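The values are calculated or read from the model by the stated rules, or taken from the named source; none is laboratory data. Quick caveat, the model's predicted, so the values are computed rather than measured. Here Cβ is always computed from backbone atoms with ideal geometry, including for glycine, and neighbour counts include all displayed protein chains. Remember, those area values only see protein heavy atoms, side chains included, never the ligands or the DNA or RNA. Shrake-Rupley method; radii C 1.70, N 1.55, O 1.52, S 1.80 Å.
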Amino acid sequence: MTVARFWRKIPQRYNLIGTKCTTCGRHFFPPRTFCPDCRRNGKIVDHQFAGFGTIVTYTVIQTEPDHFASPGPYVLAIIKLDEGPQMTTQIICDPKEAKIGMRVRSVFRKIGTDGESGIIHYGTKFVPVE
Amino acid sequence: MRDVAVIGIGCTRFGEHWNRSFRDMFVEAGALALEDAKLSGEKIDAMYVGNMSAGRFIEQEHIGALIADYSGMATRHIPATRVEAACASGGLAFRQAVIAVASGMEDIVVAAGVEKMTDVEPGASTDALTGAADREWEGFVGATFPGLYAMIATDYIHKYHMTREQLAQVAVKNHYNGARNPIAQFQQEITLSTVMKSTMVAEPLRLFDCSPITDGAAAVIVAPLDRAREFTDTPIKVLATAQASDSIALHDRRDISTMDATVAAGQRAFKMAKLTHKDINMVEVHDCFSIAEICAIEDLGFCKKGTAGKFTEDGETALGGKIPVNTSGGLKACGHPVGATGIKQVYEIVQQLRGEAGKRQIENAKIGMTHNVGGTGATVAVHILGRV
Ligand SMILES: [Zn+2]
């Protein structure tokens, strides 16, 4: 991933800023600039997500791809944010602890490094709500 | 629209071909298809080729022109078009060829598929395949392809209580079929314990739930049905062609373990052919992972949602079962050279309908179906083929 490609989405990746359609009230994360329901009648504005959600499904990835920061097995999940949309994220927890329906909250963490440039990428991961 | 028939088929052996190049493979598949149709290259009006990622795998783009050139078509300047839809590239190339002939725009058209995946390190090929999902919001946060399908499996098992052993039976059955297919990458049978003891890749999926990295090419030739007998005694009619889309990312689907694009493409195909699932004698489905076959046979309507595990365990998808699934060995055992897979599915069904499928022949096969998926279900192509 080039610097520009990552930098462009820093507000979204660091702070969980998505979008919202003020016409129908639907929230989008990952952000969308076009509402699939309202189409040309949709009006899209930025929206700061609260950072709370629930695990919909998950896996424990044993063989990690290149360039990712997580040592050893890591939990990958689809979570449903309280505002409605679903997103893919890593959950920082004991792999045995992860389960469907678990409440999670967002945290700011290192995601990985660029293999060639060595640049460190940060972003949002989730942890279990105590 | 004109009726369209398949008049010739060809396929390389699938496998890790260290000594064979991208060009060698598609030339072989194309030559076999021409020979099968007793056709010379001068008769070809156009070509469509399915290829996912030659840019990543062999650092070559402009695949349409390359194929036209090396199959001797460049001097005749026929149109040659690359079609890309990740793992569904081959199915879409076939569909484009069928549409070209059906429309009357072209007469004799080649639909091919090719992928050369072993010229890069395994890590690089895995990463290239992740491009079939959402790179920005799945790949960049740590999702791998097995990881995405593993999340489908977790959701499915949670909802429908399929056992891990039932899921493993998909791979056991596909290896049994692959052992009877001379072009398959893996031609040996396996047992339940082979799957259950294999390395964990992404829970609950193990190595033997995953299709392999494969080199290979396949080609078929289509023509107007009313001219088909000029070339073959056993033309196979294209009864339906259908395609559907869904969200690129798995997290945006209506239901994680239902592929709505499969449901839509399947329904459109049955409607176009005026048939139901009961009319289908065998189906090639996209089993890139064992869980994908489970979802596919339900979403196409061959069994009820939540029952495919037991259906498979009971042998209903085996060669002698109610609806034989993946007689070729599927992506799991036959191999999965991404862009070639959709064409190989047509190749297998045509062999079955001609009665040329050897030890895996389905008796009295009259109508067959193919189901080719891109990504985690963002593109699906479904075709129905029948004996004339
Ligand atoms: Zn809207």
Worksheet, complete the sentence: Taking only the alpha-carbon positions of the stretch B:1-108 as identical scatterers, the Debye log10 I(q)/I(0) at q = 0.10, 0.19 Å⁻¹ comes out as -0.28, -1.08
Worksheet entry | Surface accessible to a 1.4 Å probe, A:Ile55 within the full protein complex, Å² | 0 Å²
Worksheet item: Quick one: if the Förster radius is 45 Å, what FRET efficiency do B:Thr163 and B:Val388 give, using the C-beta to C-beta distance and rounding to 0.05?
Response: 0.60
Discussion item. Counting only helical runs of four or more DSSP H residues, what would the 222 nm mean residue ellipticity of chain B come to if each run contributes -39,500 (n - 2.57) and the total is spread over all its residues?
Written reply: -10500 deg cm²/dmol
Worksheet entry | Rg over Rh [alpha-carbon atoms, Kirkwood Rh] for the stretch A:3-128 | 1.00
Practice prompt. Could you run the Karplus curve 6.51 cos²θ - 1.76 cosθ + 1.60 with θ = phi - 60° over the stretch B:127-134 and give me ³J(HN,Hα) per residue in whole Hz, x for Gly and Pro?
Written response: 5, 4, 5, 5, x, 6, 9, 8
Practice prompt. List every residue whose amide H lies under 5 Å from the amide H of B:Ile236, counting only residues 5 or more places away in sequence or on a different chain, with H placed 1.01 Å from N in the peptide plane.
Written response: B:Val6
Worksheet entry | Among beta bridges that DSSP assigns inside chain B, antiparallel share in %, nearest 5 | 75 percent
Worksheet, complete the sentence: Karplus ³J(HN,Hα) for the stretch B:268-285 (6.51 cos²θ - 1.76 cosθ + 1.60, θ = phi - 60°; Hz, whole; x = Gly/Pro) runs 4, 5, 4, 5, 4, 8, 6, 10, 10, 4, 5, 7, 7, 8, 7, 9, 9, 10
Worksheet item: Shape of the stretch B:270-372 from its Cα gyration tensor (a ≥ b ≥ c, root eigenvalues): rounded if a/c is under 1.5, otherwise prolate when a/b > b/c, or oblate?
Response: rounded
Discussion item. Counting each pair of different Cα atoms once, what's the Kirkwood radius of chain B in Å, rounded to one decimal?
Written reply: 20.2 Å
Worksheet item: Across peptide A:77-88, how many C-beta atoms of other chains are within 10 Å of each residue C-beta, on average?
Response: 4
Fill in: DSSP beta bridge pairing in the protein assembly as shown, given as percent antiparallel to the nearest 5
85 percent
Worksheet item: Could you list log10 I(q)/I(0) for the protein assembly as shown at q = 0.05, 0.06, 0.11, 0.13 Å⁻¹, which the Debye formula gives when each Cα is one point scatterer?
Response: -0.19, -0.28, -0.92, -1.23
Discussion item. Please list, ordered by chain and number, the residues whose modelled amide H lies under 5 Å from the amide H of B:Ala202; skip anything fewer than 5 residues away on the same chain.
Written reply: A:Gln62
Worksheet item: Is there a simple number for the mean count of other chain Cβ atoms within 10 Å of the Cβ of residues in A:47-58, and what is it?
Response: 2
Discussion item. Check which residues have an amide H placed less than 5 Å from B:Ala88's amide H, if you skip close sequence neighbours.
Written reply: B:Gly374, B:Gly375
Practice prompt. Could you work out the relative contact order of the stretch A:3-128, using alpha carbon pairs under 8 angstrom and six or more residues apart, expressed as a whole percent?
Written response: 23 percent
Response to the item:
Here FRET efficiency (C-beta to C-beta, A:Asp46 to B:Thr234, R₀ 60 Å, nearest 0.05) is 0.45
Fill in: Largest-first principal axis extents, alpha carbons of the stretch B:88-212, Å
52, 41, 36
Practice prompt. Before anything else, pin down the relative contact order of chain B: Cα pairs under 8 Å, at least 6 apart, normalised by residue count, whole percent.
Written response: 26 percent
Item to complete: Restricting attention to chain A, give the cysteines that have no other cysteine Cβ less than 4.7 angstrom from their Cβ.
Response: A:Cys24, A:Cys93
Worksheet item: Which of B:Val195, B:Val120, B:Val170 moves most in a GNM of chain B, Cα contacts under 10 Å?
Response: B:Val120
Worksheet, complete the sentence: HN-Hα couplings for the stretch B:336-343 via Karplus (6.51, -1.76, 1.60; θ = phi - 60°), in whole Hz with x for Gly/Pro, come out as 9, x, 2, x, 8, 4, x, 6
Worksheet item: Where does chain A land at 222 nm, in deg cm²/dmol rounded to the nearest 500, when only DSSP H runs of n ≥ 4 count, each adding -39500 (n - 2.57), divided by all residues?
Response: -2000 deg cm²/dmol
Worksheet entry | Two-site FRET efficiency, A:Ile17 against B:Ala124, from Cβ-Cβ distance with R₀ of 30 Å, rounded to 0.05 | 0.35
